[in-house]
Amino acid sequence: MIDYDLILNIINTILTALSVIFIIFGWIIPYKQSQKQQKEQRKYDESISEKQYNKEKIDEQISKLYVPLYTISMENKIQINILLKKLNRNYVFAKGETINNLTESDLVLWINFLKNHFVPNLNRMKEILNNNIHLIYEPNLPSSYQRFLKYTLKLTTDLNLYLNDPNIDHSNSFVDENYPSDFDIYINKTLDKLLQLQRNCLSQNDNRNTIVSNFDVNINNIDYSEKTIVFDSEDNSPYLIDLQNNEKIVINSRQFIIGRKSNCNYVIDNIRVSSLSLMIIYEDGNWYIMDLNTMNGTSLNNIKIPTNSKMLLQDKSIIQIANLKYKFCLN
């Protein structure tokens, strides 16, 4: 005789066991999926945090160290060019000559150049380096760094000695050490690397429509003292229109510098404008604008230009420097 109660109990037990199994699996599977999602989220967050940290570090290296050094180096080149033009030759001292061989007028030019421009700029560079040594891009300081410090110290000492007593013998001053030009090259090349890394970061953040991400220019090849005329006639040159007074500013150089300094291609007498504010660059048939690490920044069509980055200029683009606006026009 079949015991139906026993069968029912067995079936109930089996169903209960199956229910428990389903409940357990119903909890385990979502839990594992949740753990997997949380793990992926943590990896993603860590990746974003690392990218953000790297970007902030790059921005800091550019804005606090390499751009200030590069800007001062650029200013030195301009001032040296001006000095040589006043001397009407391409050197200060001929081979074997000393300060005693300079004419009185040339000596005045040389000392004024050192006192008012070159030595103060070198000491500014030294101060920037001392305050931001932790931002050096490479793990070790370049060998040219020590030679730069040695040169700056000697030149500063020589100048102070001359200013204190110009009548003593200074024949061994000023010409014993050569400026370590490889230090400028190091600054230029490192800045070029950092700018490329910065462009990559900006490109990843979907800023590719405003930043020139494929601007393949070695910043070391840019000569800020260049005065090469781009076009044969001003009628064919691009120009800026000052929207405040409708002044027409012809851009007649491949590297057209705008700022408050008297040796810029175009001088703006406005205290809110930096000494060296921006540069308009002609490269491969296109015009670009580059901010020179200004305090108030430079905007193109209401978009702020990232520090020392280049953006493509187009006809009728609006450039804003501090509270001033200019329209860029192509002929």
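Structure summary
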item: Neighbour-count ranking [beta-carbon atoms within 10 angstrom, fewest first] of Ser73, Ser171; result: Ser171, Ser73
item: Neighbour net charge for Met295 - beta-carbon separation under 15 angstrom, K R +1, D E -1; result: +4
item: Given charges at beta-carbon only (K, R positive; D, E negative), |dipole| of the range 226-329 in Debye; result: 440
item: Fraction in percent of alpha-carbon pairs per bin - 5 Å, the range 226-329; result: 2, 13, 24, 29, 21, 8, 1, 0
item: Volume of the Cα convex hull of the range 47-115, divided per residue and given in Å³; result: 113
item: The range 60-219 - convex hull of the alpha-carbon atoms, volume per residue in Å³; result: 132
item: Residues Glu127, Glu283, sorted so that the one with the fewest Cβ neighbours within 10 Å comes first; result: Glu127, Glu283
item: Residue among Ile82, Thr157, Ile99 farthest towards the positive dipole end of the range 60-219, charges placed on Cβ; result: Ile82
item: Which of Ser275, Ser309, Ser173 has the fewest Cβ neighbours within 10 Å, and the rest in rising order; result: Ser275, Ser173, Ser309
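Every read-out reported here was derived from the displayed coordinates using simple, explicitly stated rules and does not represent laboratory data. These numbers were taken from a predicted model, which means no experiment stands behind them. Here the Cβ is made from the backbone with ideal geometry for all residues, glycine too, and neighbour counts use every protein chain on show.
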